[in-house]
Every structure is written in C-alpha cells, then in structure tokens.
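Following: one structure in structure tokens, then a few remarks.
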Amino acid sequence: MPLNMLLRVSMTNNMENHLKTQLEAALKPDYCEVVNESSQHSGPATESHFKLVVVSEQFNEMKLIDRHRFINKLFAEELSHIHALAMHTYTPKEWQKRQSAPESPECSSKS
C-alpha cells in the first residue's frame, strides 16, 4: 500500500472509516453507510470486502453505471487493496421508495 494511502487510512483508523470519510467529502450524501463484510468471507483478510450504501442528490442526473464509475474513480487507489466492493447508489427519491439496500449474499467458499 503506498505511504500516502497508509497515512490516510491510519489517520481514520481503518479502511471502513476511510471509505466513509471520502464518500462524505465527495458526495455530501443524505445517507452513507459503509459495512465491512470481510468476516463473512473466507480467508485471513480483515479489510477485503465492503458494502457501500450511498444516497446523494449528486446522483440525480447520473445513470447507475455512471454512479459506479464515479465511486470506482474516487477509490481507484484503494481498489487495488480491496477484493470486493458492493455499491448500492441511490437518489433521494429512489431511497425514499426503498429505505434499504439488498442483503449481501453469503460467501460460497466460507469455511
């Protein structure tokens, strides 16, 4: 992990907090949840699988693929160290209808 990213991650204590801080700064979301789902997966990594739920007015004019591209670009460096990033991105109107994101599937290789 590059030193500048290590410093950013260590300043926020862990990757989960780092991701949330970056999302809040970039999108000013109405709702933002970052869940570390690494314990639900096999292997020794403790910060490898994350789920994002983000509700932002900035998504109003974006197609779903563009929302995901935006987040991928925001976390380009971090994604080289994360195995899986589930993105659930909503406009406030979409969120008002849903009020929740889908449950994550169970890992088929969890031992």
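The numbers here are math on the coordinates, done by the rules we state, and not lab data. Treat the numbers as computed from the prediction; the structure is a model and nothing was measured. Ideal geometry is used to build each Cβ from the backbone, glycine not excepted, and the neighbour counts take in all protein chains shown.
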Worksheet item: Net charge near PRO29, counting Lys/Arg +1 and Asp/Glu -1 over other residues with Cβ under 12 Å of its Cβ?
Response: -1
Worksheet entry | Protection proxy ranking, peptides 92-100, 31-39, average beta carbon neighbours within 10 Å, highest first | 31-39, 92-100
Worksheet item: Ranked highest first by the average count of other Cβ atoms within 10 Å around their residues, in what order do 58-67, 21-30 fall?
Response: 21-30, 58-67
Worksheet item: All other residues with a Cβ under 13 Å from the Cβ of ILE82 taken together, and with Lys, Arg as +1 and Asp, Glu as -1, what is their net charge?
Response: -4
Practice prompt. Provide the gained length on full extension for the span TYR31 to MET62, in nm with one decimal, where the gain is 0.36 nm per separating residue minus the Cα-Cα distance.
Written response: 9.4 nm
Discussion item. From the phi angles alone, apply the Karplus equation (6.51, -1.76, 1.60; θ = phi - 60°) to region 15-27 and give each ³J(HN,Hα) in whole Hz, x where the residue is Gly or Pro.
Written reply: 5, 4, 5, 4, 4, 5, 4, 5, 4, 5, 5, 7, 10
